[in-house]
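Just below is one structure, and these are the notes that go with it.
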Amino acid sequence: MNKKNIDRRNFIRQAGIGSLAIGITLPANKNVHVTYKDTPVEKSIGSDNMVFNRPNIVYLHSHDTGRYIQPYGYPVPTPNLQKLAEEGVLFKKYFTTHPTSSASRASLLTGMYPHNNGMIGLAHRGFVMKDPHTHINFTLKKYGYYSALSGVQHEVAVKNKDFYKEIGYDEFLGNPKEAHLKAVEWLDKAHSNPFFLSVGFTETHREYAKHKSDINPDHLIPPKPLPDVPEVREDMADFMESARILDEKMGTVLAALRRNGLEDNTIVICTTDHGIAFPSMKCNLYDEGIGIFMIMRLPGGLSAGKTINSMVSVIDIFPTICEFLEIEKPAWLDGTSVMPLIRGEKQEIREDIFCQVNYHAAYEPMRAIRTKRYKYIRRFGDKANPVIPNCDDSPSKQYWLDNGWKDVKLSKEELYDLVFDPNERNNLIKDPLKQKVLKKMRASLHQTMEKTGDPLINGYIVAPPDAILNDPDDLSPKDKTFKASELYKFNQKK
């Protein structure tokens, strides 16, 4: 079959793209939009009155998706994200600083490591940023941007109806279930100023939607760290249904950009916060926890279809936006612009990735340094077993618990060769041939912690006294919670 001689819709139908291994049937009706790109351009709004002709920014973000979408090779039906990747820049080695919701998002939107912006836990459990004015909204306001939030944000607690103003949004459009629809209504209106529109989705956070009959769990491969058993396959099938819903919602927003003639003057940043909510993934410093998807589509098709294999951190997005817009970068930024990678001027912009875990449901202090070749993870404190409440409840988690996960002993230090062991299962910490590498990685982590002012280098990181926490020895985040001040006995664990 000559793919070049058939149109894209027929190729998708014949080749099964978007369904891959799961055999999802695509509609035969020619009037059905397969992806947002099939939406006709109906008008052009707001492009003639842009302040200094600056591009708009649309920030699309999901919960707990990792890299488990179609453009990264997984059999997950996300045709809209596939099309966006073909039109944009796909980052294959993009990592979060902290594989939990609030900390990861705050890092992207402030350009700082969690210990520097203050968000070292979950906003809805009482953790706060040191200065909300470091949110990118306040920088963009100086250059004429109007900002709107539709759906989820996780940088501040929702304490009252004006919560969004704390982080600089001018307008709140609606709750997460309506995020895509409210965003579309807003995009259909004319806007005289360039805008920053954040559209946040609850998908693919647990609880997942139950998968449809066109997804057969027995034909699925489970996530890499987990065994191929019916319980995990069924769980993964439900994740895929959630991912399909996410893709449809994101496609709805992308279609609105196209319909209103805004594509060519809009930066689209499409990403997630951390790995999927399965054991050893979310809230873990393995690549399955810190590795996340990032697709960036730039105005005018700049670098369309480009794949970047260099390591990039979430803290690099804020300075990238500043460089693209030709605006001053705030002094507090910890990251560096990826524009030299996009323009092809450099092969690498950083030698390593530094990431951490502090608080999620419970305290679990960990640090890691990752180079292209090696990953070094260090656990702090005395706890030698998994902090199980930091893993969301699920059938996959229950399978591990039923097989003794609570009693698994964890190494204080881990070293992995990512060339020969990309799944990070063979700990080389005692390998006599890797002691020079280990010494170098230990030193690198210590130097980075010192350089960035990481308080863990001096011992326990104290949570806000009213922060809501679980006992690290519990089994579920739904178990009894305590104020941080009530869990002081755990504060003594170094």
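A short reminder: the numbers here are calculations on the coordinates, not readings from a lab. Here the structure is a predicted model, which means the values were calculated and not measured. Please note: Cβ atoms are built from the backbone with ideal geometry, for glycine as well, and neighbour counts cover all protein chains shown.
Side notes on the structure shown:
- Using the alpha carbons alone, the radius of gyration of segment 53-151 stands to its Kirkwood radius in an Rg to Rh ratio of 1.00.
- Each peptide in 78-90, 330-342 receives the mean, over its residues, of other Cβ atoms within 10 Å, and ordering these scores from highest gives 78-90, 330-342.
- Here's the list of lysines a cross-link from Lys92 could span, going by alpha-carbon distance under 25 Å and ignoring same-chain residues fewer than 8 apart: Lys37, Lys83, Lys224, Lys249, Lys282, Lys306, Lys346, Lys372, Lys375.
- Efficiency of FRET between Glu185 and Lys165 - r from beta-carbon atoms, R0 30 angstrom, step 0.05: 0.90
- Highest mean packing first, where packing is the average number of other Cβ atoms within 10 Å per residue, the peptides 272-282, 345-355, 206-216, 388-398 line up as 272-282, 388-398, 345-355, 206-216.
- Values of log10 I(q)/I(0), in the order q = 0.27 Å⁻¹, for segment 188-263 under a Debye, Cα-only, solvent-free model: -1.24
- Largest to smallest principal axis extent of the C-alpha atoms in the chain, angstrom: 62, 52, 46
- A Cβ-based charge dipole, computed about the Cα centre of segment 354-491 with Lys and Arg at +1 and Asp and Glu at -1, lands at about 860 debye.
- Residue-span extension gain [Arg343 to Val462] - 0.36 nm each, minus C-alpha spacing: 38.6 nm
- Expressed to the nearest 5 percent, the antiparallel share of DSSP beta bridges inside the chain is 50 percent.
- Gyration tensor analysis over the Cα atoms of segment 354-491 returns equivalent ellipsoid semi-axes of 28, 21, 11 Å (largest first, whole Å).
- Theoretical FRET efficiency, 1/(1+(r/R0)^6), r = Cβ-Cβ of Lys483 and Lys439, R0 30 Å, to 0.05: 0.15
- With the charge dipole of segment 354-491 set up from +1 on Lys and Arg Cβ and -1 on Asp and Glu Cβ about the Cα centre, the Cα lying farthest toward the positive end among the listed residues Ala463, Pro386, Tyr374 is that of Tyr374.
- When only Cα pairs below 8 angstrom with a gap of at least 6 residues are kept, the chain shows a relative contact order of 19 percent.
- The helix-based estimate of mean residue ellipticity at 222 nm for the chain, built from -39,500 (n - 2.57) per DSSP H run of four or more residues and divided by its residue count, is -7000 deg cm²/dmol to the nearest 500.
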